[in-house]
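Q: Can you keep this structure in mind? I'll have questions shortly.
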Amino acid sequence: MTEHPGLRPHRVEREDRADGTILLRSGHDLPSVAPSTGVWLDQWAVAAPERTFLAERSGAGWRTVSYAEARDRVRDIAAGLLGMGLDGPILILSGNSVDHALLTLAAQYVGLVTVPVAEQYSLIPAAQGRLRYVVDLVRPALVFADDGDRYAAALEIAGCAALCSVPGGTGAMSLDGWRGSADVDAAMVGPETVAKLLLTSGSTADPKAVETTHGMMTTNQAQIATCLPFVTARPPVLVDWLPWNHVFGGSHNFNMVLANGGTLYIDDGKPLPALFPRTVENLRLVSGTISFNVPVGFAQLVAAMEADAVLRQTYFRDLDMIFYAGASLPQETWNRLERMALDTAGRMPLITSSWGLTETAPAALLQHEPARGAGIVGVPLPGVTVKLIDDGTGRMDVRVRGPSVFSRYHRNADKTSEAFDPDGFFITGDAMRLVDPEDMDKGLRFDGRLSEDFKLSTGIWVHATNIRLELLSALGALAQDVVICGHGRDAVGVLIVPGPDARDGTVDDGALCCAASDDIRNRILAQNEGVTGSSRIVARALVMADPPDMGAGEVTAKGNLNFARLLDRRAALVDRLYDDTDIASIVL
């Protein structure tokens, strides 16, 4: 069992409609909600003025900003922004930093809109077409980057006034000491005020810009705190790398700290080979109370902690919760975290997850009771209504409605209209299964993206997401990612983005005649053992020689594959995959 300050038990109310749909709601009431994020900042600047709010690495230690300092600086910057008379949003090009946070909060304080984008759009020349797309969509009036020289090309693409932490030779204004004389208290900001435009992942089409209001974000934090009372009982401390251009890091995690008077240590590492040692260094310096990460990050962290007693002690000392998102946590990783927690701290933090999208601010479901194993995404948060439409097999099309759900996409009326059903529910495109059809309190389990499913030539549906996750686990270091194929074909196949153990071989027109093909074949055969039905058996594989191209839209800002775009651009490789005579095709 968990041993932290408190969890509120699941209490789900079910309504069965005559058309067979199921509506689920939380039995817990939604409490009062702050009208804007600025109210949180004002609150903690008074209640805990000297407490560290933000910190980033500076030399061997940290540059820290207290709540009182943050509020003063935010008001100064906000006055400067108002004095500019901006007629469009503020585009933010660079990654997480104290200056990024202060500028964002300053804009929100006076009702201006920010648009954080993935820094890869600016720094990778091949991806700058995506930045041009965003600039055309949002039409910024001001652009910010931490380092003017490093982002010089992107600042030019933005084509508007520029503000930088370090302007360099760009001629941009300097954020350092920047202030204005406008009356920030006269600004009208409320729940319906748009705070930021967040881009969707673009995994199936061009990204859309979600108009994220103050009310969506403040409601979501009130919902979470109702179900996880420990986040208010003990102000959360985070050491977090998750990018703020994405809703998980920038809305969920950042706002959890601000809403509850916590402290955010900005981790300048990432779960990438060159950057993960920095994450380890940061986690050895600070004991967090909540650990947010994606499954690949937790896998790397587990391996590092098993070899580093100091890291283990610091990590588990104050930990209340381990929270994974983005994909299901492999059960092996879950088990290793449990063992280390008990061996190191003698107690178990809550290991959990939730579910949501950019359009839901993000959490709509949350597992706020201890779960037995990974993959369960929980029950509706207070105020959220979940509609489930059964396809006849127990697999549910999931739709949601509530005060934390968006109203529209920016400058895209057609996609906005398509996003909602006649009852006003947002059509998420995700599928779920009930953990226990007789007990709604057991929650829901994620069961893939409906848009990634396809039919074989036999008319049998293939649920691609589940096969992909199982195959990634089976292939390990042989695969960085996989793309499930087979629409209109007679069998399921897979294109493999090679991992470090599968990059040797000879290249043949975009395919890799892989030296590890026998190992790949054997692992897929082992994965197929005990599986019945052509819709679940992987019958062939091919390793791609060329990595996915972000500039061509094959990779999203989150680093996920855009499956539709990749399959379209690599149709010739799919044909080769299904050619038994092709030298690169691995036929099982």
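The values are calculated or read from the model by the stated rules, or taken from the named source; none is laboratory data. Computed from a predicted model, the values in this text were never measured in an experiment. Methodologically, a virtual Cβ is constructed for each residue, glycine included, from the backbone with ideal geometry; neighbour enumeration extends over all protein chains shown. Each accessible area value is taken on the protein alone, full model and side chains, heavy atoms only, with ligands, DNA and RNA left out. Shrake-Rupley method; radii C 1.70, N 1.55, O 1.52, S 1.80 Å.
Q: With a 1.4 Å probe and every protein chain kept in, tell me what percent of the accessible surface of the chain is carbon plus sulfur.
A: Answer for the chain: carbon and sulfur cover 49 percent of the accessible area.
Q: Now for a separate question. Pop a pseudo-label 7 angstrom from the Cα along the beta-carbon direction at both residue 306 and residue 458 and give the gap in nm to one decimal.
A: 3.9 nm
Q: State the dimensionless ratio Rg/Rh of the stretch 470-588 (Rg: radius of gyration of Cα atoms; Rh: Kirkwood radius).
A: On the way: Rg = 13.3 Å, Rh = 14.3 Å.
Taking Rg over the Kirkwood Rh, I get 0.93.
Q: For the residue pair residue 415 and residue 206, what label-to-label distance in nm results when each label sits 7 Å from Cα along the Cα-to-beta-carbon direction?
A: 0.8 nm
Q: Continuing with the same structure: Relative contact order of the chain, please, whole-number percent, based on alpha carbon pairs below 8 angstrom and at least 6 residues apart.
A: Computed value for the chain: 13 percent relative contact order.
Q: Something else now. Given H placed 1.01 Å from N in the peptide plane, which residues other than close sequence neighbours of residue 479 have an amide H under 5 Å from its amide H?
A: Correct list: 499.
Q: Taking amide H positions as placed 1.01 Å from N in the peptide plane, with prolines and chain starts having none, which residues 5 or more places from residue 96, or on another chain, fall under 5 Å of its amide H?
A: Excluding prolines and chain starts, which carry no amide H, the hits are 244.
Q: For the stretch 115-250, with every protein chain kept in place, what is the accessible area per residue (1.4 Å probe, Å²)?
A: In whole numbers, the stretch 115-250 has 36 Å² accessible per residue.
Q: Related question: Under 14 Å from a point placed 7 Å out from the Cα of residue 60 along the Cα-to-Cβ direction: which residues of the stretch 275-297 have their backbone N that close?
A: Under 14 Å, as judged by backbone N against the label point of residue 60, lie 285 of the stretch 275-297.
Q: Another question about this same structure. Between residue 423 and residue 506, take the C-beta separation as r, use R0 = 45 Å, and let me know the FRET efficiency to the nearest 0.05.
A: Plugging the Cβ-Cβ distance into 1/(1 + (r/R0)^6) gives 0.20.
Q: Next up: How big is the accessible area of residue 270 in square angstrom, nearest 10, if you roll a 1.4 angstrom probe over the protein chains?
A: 50 Å²
Q: Taking the Cα centre of each part, how many Å lie between the stretch 221-263 and the stretch 335-352?
A: The two parts, judged by their Cα centres, are 21 Å apart.
Q: Just how much of residue 366 is accessible, in Å², when a 1.4 Å probe is used and the result is rounded to the nearest 10?
A: Here the residue's solvent-accessible area equals roughly 10 Å².
Q: Mind checking the per residue accessible area of the stretch 275-321 for me, 1.4 Å probe, whole number of Å²? Can you show the working numbers first?
A: On the way: 1720 Å² over 47 residues.
Per-residue accessible area for the stretch 275-321 comes out at 37 Å².
Q: Can you list residues from other chains, or at least 5 along the same chain, whose modelled amide H is less than 5 Å from the amide H of residue 11?
A: 27
Q: Round to the nearest 10 and report in Å² the accessible area of residue 550, as given by a 1.4 Å probe over the protein chains' heavy atoms.
A: 30 Å²
Q: While we're looking at this one, here's another question. Any idea of the accessible area per residue across the stretch 385-480, 1.4 Å probe, to the nearest Å²?
A: With the other protein chains kept in place, the stretch 385-480 gives 46 Å² per residue.
Q: Using Cα positions and a limit of under 12 Å, work out the aspartates and glutamates in reach of residue 455, with same-chain residues fewer than 8 apart set aside.
A: List returned: 490.
Q: Quick one: pull the percentage of alpha-carbon pairs in the chain with a separation above 29 Å.
A: 57 percent
Q: Taking the simple approach of a point 7 Å from Cα along Cα-to-Cβ for both residue 390 and residue 525, what is their distance in nm?
A: Spacing of the two 7 Å Cα→Cβ label points: 4.0 nm.
Q: How much length is gained on full extension from residue 313 to residue 549, taking 0.36 nm per residue of separation minus their Cα-Cα distance?
A: Gain on stretching residue 313 to residue 549: 80.9 nm.
Q: Still on this structure, I have one more. Can you work out ³J(HN,Hα) from phi for every residue in the stretch 506-518, in order, using Karplus 6.51 cos²θ - 1.76 cosθ + 1.60 and θ = phi - 60°, giving whole Hz and x for Gly and Pro?
A: 10, 8, 10, 6, x, 10, 10, 6, 7, 5, 9, 4, 5
Q: May I pose another question? Tell me, in nm to one decimal, what length is gained between residue 515 and residue 588 on full extension, where the rule is 0.36 nm per residue of separation less the Cα-Cα distance?
A: 24.7 nm
Q: While we're looking at this one, here's another question. Excluding residue 42 itself, what net charge comes from residues whose Cβ is under 12 Å from its Cβ, given Lys and Arg +1 and Asp and Glu -1?
A: Here the charged neighbours net out to 0.
Q: Just subtract the alpha-carbon distance of residue 342 and residue 581 from 0.36 nm times their residue separation and send over the number in nm, one decimal.
A: Working: separation 239, 0.36 × 239 = 86.04 nm, distance 5.36 nm.
So the extension gain works out to 80.7 nm.
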